[in-house]
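Below is one structure, written out as structure tokens; comments come after it.
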Amino acid sequence: MSQILNGKVVSNKMSGTVTVEVSRFKKHPVYSKFIKISKRYKAQTSEQILEGSNVVIESTKPISRDKKWKIIKVLDSKV
């Protein structure tokens, strides 16, 4: 079973690769306050995707040392 995440493209400067930032809220164990946590993933792409676009990424077998995700859908493109 593959994992699917939604995120925002923050860098498209590499060829065939984009950096996607995925944000989520986590509850602090002591203070019960929600904290925004962000993590960046490198994802494989075959098309040119602009920075700021919202995308859906899916986990795959390792493509390179850092790339283990691929883009399956572009939700909205910033033009």
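Would you mind estimating how fast the chain diffuses translationally, via Stokes-Einstein at 4 °C and 1.567 mPa s with the Kirkwood radius over Cα pairs, in µm²/s?
Working: Rh = 13.3 Å.
Value of D from the Cα-based Kirkwood radius: 98 µm²/s.
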**Q.** Simple label model, 7 Å out from Cα along Cβ direction - residue 30 to residue 12, nm
**A.** 4.3 nm
**Q.** residue 11 long-range amide H proximity, modeled H, under 5 Å
**A.** 19
Q) About its Cα centre, what dipole magnitude does the chain give when the only charges are +1 on Lys and Arg Cβ and -1 on Asp and Glu Cβ, stated in debye to the nearest 20? A) 420 debye
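Enumerate by residue number the GluC sites (Glu not before Pro) in the range 32-79 meeting two conditions: DSSP loop (anything except H, G, I, E, B), and at most 13 other Cβ atoms within 10 Å of the site's Cβ.
Working: sites: 47, 51, 58; in loops: 47, 51.
Passing sites in the range 32-79 are 47, 51.
Find how much the distance from residue 23 to residue 67 grows on full extension, using 0.36 nm per residue of separation minus their present alpha carbon separation; answer in nm with one decimal. Show your work: numbers first, answer last.
Details: separation 44, 0.36 × 44 = 15.84 nm, distance 1.86 nm.
Residue separation times 0.36 nm, minus the Cα-Cα distance, leaves 14.0 nm.
Read-outs: derived from the displayed coordinates by stated rules, not from any lab. Everything numeric here is computed off the predicted structure, so don't read it as measured data. Glycine gets a Cβ as well: all are built from the backbone with ideal geometry, and neighbour counts include every protein chain shown.
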